[in-house]
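Working notes, beginning with the structure itself.
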Amino acid sequence: MTDLHTSYANARDKGIDLDISPVTGTIGAVVNGVQLSGDLPAATVQAIEAALTRHKVLFFRDQQHLTDSEHEAFAALLGDPVAHPTVPVAEGSRYLLELDSREGYAASSWHTDVTFVDAYPKASILRAITIPEAGGDTQWANGETAYDGLPEVLRQLVNNLWATHTNLYDYAAILQSAPDGDSARERIAQHRDVFASTVYETEHPVVRVHPVSGQRSLLLGHFVKQFVGLNAADSARLFQTLQDHITKPENVVRWRWREGDVAIWDNQATQHRATADFGLQRRTLRRATIAGEVPVGIDGRSSRTVRKEKAVQYEPA
């Protein structure tokens, strides 16, 4: 595990002292004076990584200079960029996922990116291209402070709990901002058929040990299908209880986007959601993700994929 104080000290020794302004007391910080690119010095990258582990989400204003290729080049400094396992990459890019909300459609549900696979991304880098005049904020929740804040009885329960995550779920419930009618149902079906073109189910520990800091965090989100050993009804009740702890205001930061903003988050210790309050306005962002490690629980056991197969037809989870 990396000593964060050592990382900061190494960066300072090389002349790097990031100008960081925390957004809340528990999660999120603005990094000032850094122009992101694929040519950043190694010491600056190291300082960004250390700040990311500490603050969970970093925000960079005024990055309009980033093209798709520069976005990908910067992402490569943080690790190995990976494409989404089922959704095609944005046109003209190698790894970027386009998040383009049109005609009132937007996914608005708490999740950690791509947890339906075993080694899901360790970090995501999201770049704002077209932002509504009002609405469309993104929120992030800190899974580490959520775990630390659990009552002792719940903490003991989740320490030994595992959950099955899948990309086969109720898409209509997630795309809750979609208008009613046949066209809406067709649009949701099209989204589902792409996103679940290959069906994954993976078992993860509910408490993940962070590979850098060693901190424990709650690993949940809308890809959770069921807790291992519990029936669907009991799983649903417990899931909502734990999610409510994660998304308490004390654990959450909310970001009002401007065009050219970039947000980087530690996908190993957070959840996030887009806020679908912008009606028919256009909202377009592109995201790079960095390959991650297979999660490890408190007992040392690793996550495992239990299902991976091409979808024949959609069946609600």
Segment 38-63, residues that are surrounded by fewer than 20 Cβ atoms within 10 Å (Cβ to Cβ) and at positive phi: ASP62
Within segment 246-256, does at least one residue satisfy the condition of being surrounded by fewer than 21 Cβ atoms within 10 Å (Cβ to Cβ), of a type outside the set (Ser, Thr, Tyr), touching a residue at least 12 places away in the same chain (Cβ under 8 Å) and assigned to a loop (DSSP other than H, G, I, E, B)? yes
Among the residues of segment 86-93, is any in contact with an Asp or Glu (Cβ under 7 Å, 6 or more places away or on another chain), farther than 16 Å from PRO121 by Cβ and surrounded by fewer than 16 Cβ atoms within 10 Å (Cβ to Cβ)? yes
Out of curiosity, is THR164 touching a residue at least 40 places away in the same chain (Cβ under 8 Å), farther than 30 Å from ALA42 by Cβ and hydroxyl-bearing (Ser, Thr, Tyr)? yes
Within segment 131-168, which residues are of a type in the set (S, T, N, Q) and open to solvent by less than 50 Å² (accessible area, probe 1.4 Å)? THR138, GLN139, ASN142, THR145, ASN159, THR164, THR166, ASN167
Are any residues in segment 100-116 open to solvent by 10 Å² or more (accessible area, probe 1.4 Å), more than 15 Å from PHE195 (Cβ to Cβ) and at pLDDT 90 or above, and if so, which ones? TRP110
Does GLY92 meet the test of being part of a loop (DSSP other than H, G, I, E, B), free of Cβ contacts under 8 Å to residues at least 60 places away in the same chain and more than 16 Å from HIS272 (Cβ to Cβ)? yes
Filter pass, GLY300 being surrounded by fewer than 20 Cβ atoms within 10 Å (Cβ to Cβ) and over 20 Å from VAL207 (Cα atoms): no
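The values are calculated or read from the model by the stated rules, or taken from the named source; none is laboratory data. This structure is a prediction, so every number in the text was calculated from the model and none was measured. Using ideal geometry, Cβ is built from the backbone for each residue, glycine included, and neighbour counts are taken over all protein chains shown. Please note that ligands, DNA and RNA were not included when accessible areas were found on the heavy atoms of the full protein model with its side chains. Shrake-Rupley method; radii C 1.70, N 1.55, O 1.52, S 1.80 Å.
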